[in-house]
Amino acid sequence: MGIPYSGADQIFRDFEGSAAHRPDKTQIRAWGQYLESAHRHRFNTVSALTADSALTLTTDQAGTVAAGDLVAAGDMTYEVALGTATDHHVTTAGGVKLYEAGTKYTTRARLAEFIARGNTPEDGVTYTAGRLSFEGSTGATDISDMGGLIPQDIEIEPDHF
């Protein structure tokens with residue numbers, strides 16, 4: 001899930017040319033919905049998230065989430081999966097299935113899955129997968145299964161091969 005309209009700096013910029021910029025209400029609403037989704041469900045740790053039984057896919061409940069919603073846990077971000085998903089990474093005690101999302105992943109494979117699900121890395125943003133780092137770059141094809149990313153700071157030990 002990308003940041004709408006390149007984020008607050010673009011939406012709320014001071015000027016457009018020589019005239020004061022007047023943000024469009026649809027842009028403001030999209031930005032607000034993004035923030036609400038990203039911060040509505042927050043847990044101090046991943047353990048607290050997986051132990052949670054309040055999150056639910058059932059509508060009209062206090063902990064209702066829907067596929068695509070973001071959930072924060074410690075320094076990780078998760079995306080709510082469909083209830084029928086079988087390729088999810090984490091399941092809460094209440095049965096909500098989640099994918100790793102955001103900019104930090106536990107493995108390279110999970111970052112590749114994020115892209116395979118149709119997500120596009122944002123330009124200039126650093127993504128980590130275990131001990132590997134990548135930078136978002138539109139159109140990058142350096143890595144066949146992770147389009148839009150270029151490797152950063154890769155150190156290969158002499159005995160690697």
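Is there a residue being in a strand (DSSP E or B) and either modelled with pLDDT of 95 or more or closer than 23 Å to G136 by Cα (or both) anywhere in the stretch 79-87? Scanning the stretch 79-87, I find at least one residue that is in a strand (DSSP E or B) and either modelled with pLDDT of 95 or more or closer than 23 Å to G136 by Cα (or both), so the answer is yes.
Residue count for the stretch 81-98 under the criterion of being within 18 Å of T45 (Cβ to Cβ), among the hydrophobic types (A, V, I, L, M, F, W, C) and under 18 Å from the mean Cα position of the chain (by Cα): the result is 3.
Within the stretch 52-61, is there a residue that is of a type in the set (D, E), under 11 Å from H41 (Cβ atoms) and either part of a loop (DSSP other than H, G, I, E, B) or open to solvent by 60 Å² or more (accessible area, probe 1.4 Å) (or both)? Yes, because at least one residue in the stretch 52-61 is of a type in the set (D, E), under 11 Å from H41 (Cβ atoms) and either part of a loop (DSSP other than H, G, I, E, B) or open to solvent by 60 Å² or more (accessible area, probe 1.4 Å) (or both). Look at the stretch 53-92 and say how many of its residues are of a type in the set (D, E) and free of Cβ contacts under 8 Å to residues at least 24 places away in the same chain. The total comes to 1. Of the numbered criteria (1) surrounded by 14 or more Cβ atoms within 10 Å (Cβ to Cβ); (2) farther than 18 Å from V46 by Cβ; (3) in contact with a helix residue (DSSP H, G or I) (Cβ under 8 Å, 6 or more places away or on another chain), the one V125 fails is (3). Restricting the stretch 62-79 to residues that are in contact with a Leu (Cβ under 6 Å, 6 or more places away or on another chain) and open to solvent by less than 30 Å² (accessible area, probe 1.4 Å), the residue that is nearest to R110 (Cα to Cα) is Y78. Taken together, the criteria place S47 among residues that are assigned to a helix (DSSP H, G or I) and at pLDDT 95 or above. Restricting K25, K97 to those that are open to solvent by less than 70 Å² (accessible area, probe 1.4 Å) and of a type in the set (K, R) reduces the list to K97. Given the structure, is E122 on the phi < 0 side of the Ramachandran plot, in a loop (DSSP other than H, G, I, E, B), of a type outside the set (V, I, T) and in contact with a strand residue (DSSP E or B) (Cβ under 7 Å, 6 or more places away or on another chain)? Taking the combined requirement at face value, the residue satisfies it. The residue that is modelled with the lowest pLDDT, among those in the stretch 131-146 that are open to solvent by 50 Å² or more (accessible area, probe 1.4 Å) and touching a strand residue (DSSP E or B) at 6+ places or on another chain (Cβ under 9 Å), is D142.
The values are calculated or read from the model by the stated rules, or taken from the named source; none is laboratory data. Fair warning: this is a prediction, and the values are worked out from it, not measured in the lab. Every residue, glycine as well, gets a Cβ built from its backbone with ideal geometry; the counts of neighbours run over all protein chains shown. Accessible surface is based on the protein model in full, side chains and every heavy atom, while ligands, DNA and RNA are left aside. Shrake-Rupley method; radii C 1.70, N 1.55, O 1.52, S 1.80 Å.
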